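Right, one structure below, let's go through it.
The values are calculated or read from the model by the stated rules, or taken from the named source; none is laboratory data. Bear in mind that the values here come from a model prediction, so they are computed numbers and not experimental data. Cβ: placed from backbone, ideal geometry, glycine included. Neighbour counts: every protein chain shown. Just so you know, the surface numbers come from the protein's heavy atoms only, side chains and all, with ligands and any DNA or RNA stripped out. Shrake-Rupley method; radii C 1.70, N 1.55, O 1.52, S 1.80 Å.
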Amino acid sequence: MGTIRLDKCLADQGLASRKELREIIRSGRVRVDGQTETHPERRLDPDAVSITLDGVPVGYRRFHYYMMDKPVGVVTATEDTRQQTVLDLLPTDLKRLGLFPVGRLDKDTSGLLLLTNDGEFAHRVISPKSCVKKRYYAEVEGEADEKDVLAFSQGIVLRDGTQCLPAQLELLGGGCCVVTVMEGKYHQVRRMLASRGKPVLTLRRLSIGGLRLPEGLEPGAVLALDESDLCTLFNC
């Protein structure tokens, strides 16, 4: 990669604010290749040098990827003046990384949500052209049947005329089902089921591609993803 300022390099890791890091660097707490560096504006290639802060090595990652078990009652947005957002749930160090949600889960939907600062990655996950499947568990009023399964497989047309791609509906009985889609139109799963006379009572996203929420991840908590997780997501 190209060169970047030392203060930005450290800020990209969420270590402190850019302003705080400038003072930290000037105070002599940062070393580059073993030499004390007091100039925040120094440009360097973080992949070609070793950096320490207070003697602790600082690894550099340009892009960051996390999964969250989004709880009900929280909006999927980067900011909102009236309601709590998914970014409000993050610890302070992660709030500094410039993360944003990949796609959207509505306020009343829980489950797997991805957070990143990588725009190309987010577009790849969201785009129907990537054929990344999103699976949802739903509890509905009434009981979905084989006619609904057929309608989903043919592509639901919503009441406003919006055409949805063919999707999969699995019947679990007792008003429960699993819906698999490869796109993310506004309130799509809820609207698809409502169009079949099955209003949604509970909705939870189970997986994106091959990536599932691990057992034991608390609602609102996040887990860092590595390259193997991203490979699982895209089934590569």
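Quick notes on this one:
- When region 215-236 is limited to residues that are of a type in the set (D, E, K, R) and assigned to a loop (DSSP other than H, G, I, E, B), the one that is most open to solvent (accessible area, probe 1.4 Å) turns out to be Glu215.
- Note on region 6-46: residues that are open to solvent by 70 Å² or more (accessible area, probe 1.4 Å) and aliphatic (A, V, I, L, M) total 1.
- Any chance Gly210 is among the small types (Gly, Ala, Ser), farther than 28 Å from Gly142 by Cβ and open to solvent by less than 50 Å² (accessible area, probe 1.4 Å): yes
- Which numbered condition Phe152 misses (of (1) in a loop (DSSP other than H, G, I, E, B); (2) touching a Cys at 6+ places or on another chain (Cβ under 9 Å)): (1)
- Selection count, region 165-176, where residues are within 28 Å of the chain's Cα centre (by Cα) and either at pLDDT below 95 or open to solvent by 50 Å² or more (accessible area, probe 1.4 Å) (or both): 6
- Some residue of region 183-199 being touching a residue at least 12 places away in the same chain (Cβ under 8 Å), over 30 Å from Asp229 (Cβ atoms) and assigned to a strand (DSSP E or B): no
- Among the residues of region 159-182, those identified as outside any strand (DSSP E or B) and either of a type in the set (D, E, K, R) or farther than 25 Å from Arg124 by Cα (or both) are Arg159, Asp160, Gly161, Gly174, Gly175.
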